[in-house]
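S.K.: The structure follows.
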């Protein structure tokens, strides 16, 4: 029987830098879904890749003194290396600089122009370079980009526009009649209430202020809008052709079954993308799932904060499957997940080393100790066996149910419930006690057979999520991964089979005392790289070179009561930006306990705004508020001033909570 096709995609990664573990989570999640669909018998097509055009790339390349193509070649290679490191089974890694993609984009753009959906005009508005997005003044939040919160700049240029409003009613109807189209439901409500129902404006789909993009074929001074370019990869990668001469892959796999994306880009995928498809006369994808973020200790990862965690660093310390387990198991369905180095250690020890690794090791070791490694079914039966078998044989259907709902973390939890039941079964049957009574040898053989069979079923279910580990387990047990359709049957493991003589340690227990010094080395290297990239190291080194003694000029003495009037506390800088038209001032939003204050400081020459975010600083709280450069300042950040006028923020020696009193 011919397999049913299933097409899954990730968002293509933007080639602006090395992806951190929060970015990497998406490709691992997609891989787990793709592998499971294959196990269910689907003919899976799994596509990922890189988004390589746009103003941000051009500016980054210029700053590095290289051609944009040279920059994206290096970064695309780096991204692909990480995807491969994580053992992901994609079928195509598409790049938006691929020749076939670029030609198909030009044909599609021309088709939309010729049929009247794209027209030439002039754009006047605000542009966010990092997001490659245009905004009207009314759409800004506190004058900033509503997506990323960064500065926007006025833009005025000749441009081509897409008639979004023409297709909006049809898209609204589609969303209302296809409740599964946008998941989770909260994302659907956000798109409807914030964008579609208030009314769509025509979308600017070309630029002339930079050149790093796909030229508009009939008007080469324009380059195609980066989001039109990027979104179209889902069909160009299959051989879509605007003239209707589609490739066989497109005919087979489109429409996509699932677009897996981050929640921050769901607007592009559930509004722009389906409207582009409608205009091209093509079917819409069946589902767009906007997954949550993986946060480091509750915060978004940022180089300037020094809290970035990369997949390759994690793999060096924990191994590929331990990292896969963590990101898949720790991410809720519709809420952000949290990763820390300490949590990685804890989950590796409790779930992987104890629950799974110890179970496999004990079972194989007892089989070797008592029966020379031969697993034999004898047919003896007790009530405790029935309960074990009931849990084991029902696990597959529960996993399928969770995976059909894309509740991957819950699916893995079901598998580990099986392994936990096996560990309980060992405690209930006490094989070591049975081994002391020769008359109970058949019972002991049956117990070990039941354990072996249960582990094989669990490992077969685990294969989509931890493929290397699953393969190791069944190999040690002398069999192979079992078909998903057979995992509701108990007793298929061949009696008389032999397990390996020495079980491999699947996951060694970790000691934080050994791991955390290595983490500190990684963080120090990242900090040094960030400072090197941003010119911070040279300035600090220069300050350290000035070792001459400083003359301290005495001021009038004060009484202790005068000093006691000053209230000092630790604050954490949440946000910082330059004060317009000021050469000296930075404006910081500082969290001090349960309050946040705005404080202006004349330290612009010594700190960049992005360096400030996340710092713990010393604050004078009860300084009377005053207006500076038109902004209100509600306190003072304490600094030390060197003999050459260099300023350095006073920061606590140890990490203490914001709001802590300085005394």
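The values are calculated or read from the model by the stated rules, or taken from the named source; none is laboratory data. Note that this is a predicted model, so its numbers are computed, not measured. Positions of Cβ are backbone-derived with ideal geometry, glycine not excepted, and every protein chain shown enters the neighbour counts.
S.K.: Residues that are free of Cβ contacts under 8 Å to residues at least 40 places away in the same chain: list the helices (runs of 4 or more DSSP H) wholly contained in the stretch 316-430 that include at least 2 such residues. Outline the logic, then answer.
M.R.: Numbers: elements: 320-329, 341-347, 358-371, 383-404, 408-429.
Counting at least 2 such residues, we get 341-347, 383-404, 408-429.
S.K.: May I pose another question? Of the conditions (1) without any contact (Cβ under 8 Å) to a residue 60 or more places away in the chain; (2) in contact with a helix residue (DSSP H, G or I) (Cβ under 9 Å, 6 or more places away or on another chain), residue 156 fails just one. Which one is it?
M.R.: For residue 156, the failing item is (2).
S.K.: Taking residue 108 as meeting all but one of (1) touching a strand residue (DSSP E or B) at 6+ places or on another chain (Cβ under 8 Å); (2) over 26 Å from residue 22 (Cα atoms); (3) buried (at least 21 other Cβ atoms within 10 Å of the Cβ), write down the number of the exception.
M.R.: (1)
S.K.: All but one of (1) more than 13 Å from residue 272 (Cα to Cα); (2) assigned to a helix (DSSP H, G or I) hold for residue 211, so report the exception by its number.
M.R.: Looking at each condition in turn, residue 211 falls short on (2).
S.K.: Provide a single number: the residues in the stretch 136-149 that are modelled with pLDDT of 85 or more, part of a loop (DSSP other than H, G, I, E, B) and surrounded by 13 or more Cβ atoms within 10 Å (Cβ to Cβ).
M.R.: The total comes to 2.
S.K.: Looking only at the stretch 76-102, how many residues end up being in a helix (DSSP H, G or I) and in contact with a helix residue (DSSP H, G or I) (Cβ under 9 Å, 6 or more places away or on another chain)? Don't jump to the end; show me each part of the working.
M.R.: Taking the stretch 76-102 first, the residues in a helix (DSSP H, G or I) are 76-85, 99-102.
Still in the list and also in contact with a helix residue (DSSP H, G or I) (Cβ under 9 Å, 6 or more places away or on another chain): 79, 81-83, 85, 100-102.
Residues flagged as in a helix (DSSP H, G or I) and in contact with a helix residue (DSSP H, G or I) (Cβ under 9 Å, 6 or more places away or on another chain) within the stretch 76-102 amount to 8.
S.K.: Any idea how many residues of the stretch 249-295 are closer than 14 Å to residue 8 by Cβ and assigned to a strand (DSSP E or B)?
M.R.: The number of residues fulfilling the criteria is 7.
S.K.: May I ask you to say which residue of 61, 32 is crowded, with 19+ Cβ neighbours inside 10 Å and either assigned to a helix (DSSP H, G or I) or out of contact with any helix residue (DSSP H, G or I) (no Cβ under 9 Å at 6 or more places or on another chain) (or both)?
M.R.: The unique qualifying residue is 32.
S.K.: Something else about it: Yes or no: residue 49 surrounded by 17 or more Cβ atoms within 10 Å (Cβ to Cβ), modelled with pLDDT under 95 and over 16 Å from residue 132 (Cβ atoms)? Step through it out loud before you land on a result.
M.R.: On the way: surrounded by 17 or more Cβ atoms within 10 Å (Cβ to Cβ): yes; modelled with pLDDT under 95: no; over 16 Å from residue 132 (Cβ atoms): yes.
Against the criterion (surrounded by 17 or more Cβ atoms within 10 Å (Cβ to Cβ), modelled with pLDDT under 95 and over 16 Å from residue 132 (Cβ atoms)), residue 49 does not qualify.
S.K.: Output the residues belonging to the stretch 151-169 that are under 19 Å from residue 210 (Cβ atoms), surrounded by fewer than 15 Cβ atoms within 10 Å (Cβ to Cβ) and at pLDDT 95 or above.
M.R.: Scanning the stretch 151-169 gives no hits.
S.K.: Right, here's the next one. Give the number of residues within the stretch 242-254 that are crowded, with 16+ Cβ neighbours inside 10 Å and in contact (Cβ under 8 Å) with a residue 40 or more places away in the chain.
M.R.: Qualifying residue count, the stretch 242-254: 4.
S.K.: Let me ask something else. If only one of 198, 146, 215 is in contact with a helix residue (DSSP H, G or I) (Cβ under 8 Å, 6 or more places away or on another chain) and closer than 21 Å to residue 265 by Cβ, which one is it?
M.R.: Working: 198 fails: in contact with a helix residue (DSSP H, G or I) (Cβ under 8 Å, 6 or more places away or on another chain); 215 fails: closer than 21 Å to residue 265 by Cβ.
Exactly one residue qualifies, and that residue is 146.
S.K.: Could you grab me the full set of residues in the stretch 78-116 that are over 17 Å from residue 50 (Cβ atoms) and more than 27 Å from the chain's Cα centre (by Cα)?
M.R.: Within the stretch 78-116, 103, 106, 107, 108, 109, 110, 111, 112, 113, 114, 115, 116 qualify.
S.K.: How many of the residues making up the stretch 434-449 are part of a loop (DSSP other than H, G, I, E, B) and out of contact with any helix residue (DSSP H, G or I) (no Cβ under 9 Å at 6 or more places or on another chain)?
M.R.: 1
S.K.: Identify all residues within the stretch 609-637 that are assigned to a loop (DSSP other than H, G, I, E, B) and crowded, with 17+ Cβ neighbours inside 10 Å; write none if there are none.
M.R.: Once the filter is applied, which keeps residues that are assigned to a loop (DSSP other than H, G, I, E, B) and crowded, with 17+ Cβ neighbours inside 10 Å, the stretch 609-637 yields 613, 615, 621, 634, 635.
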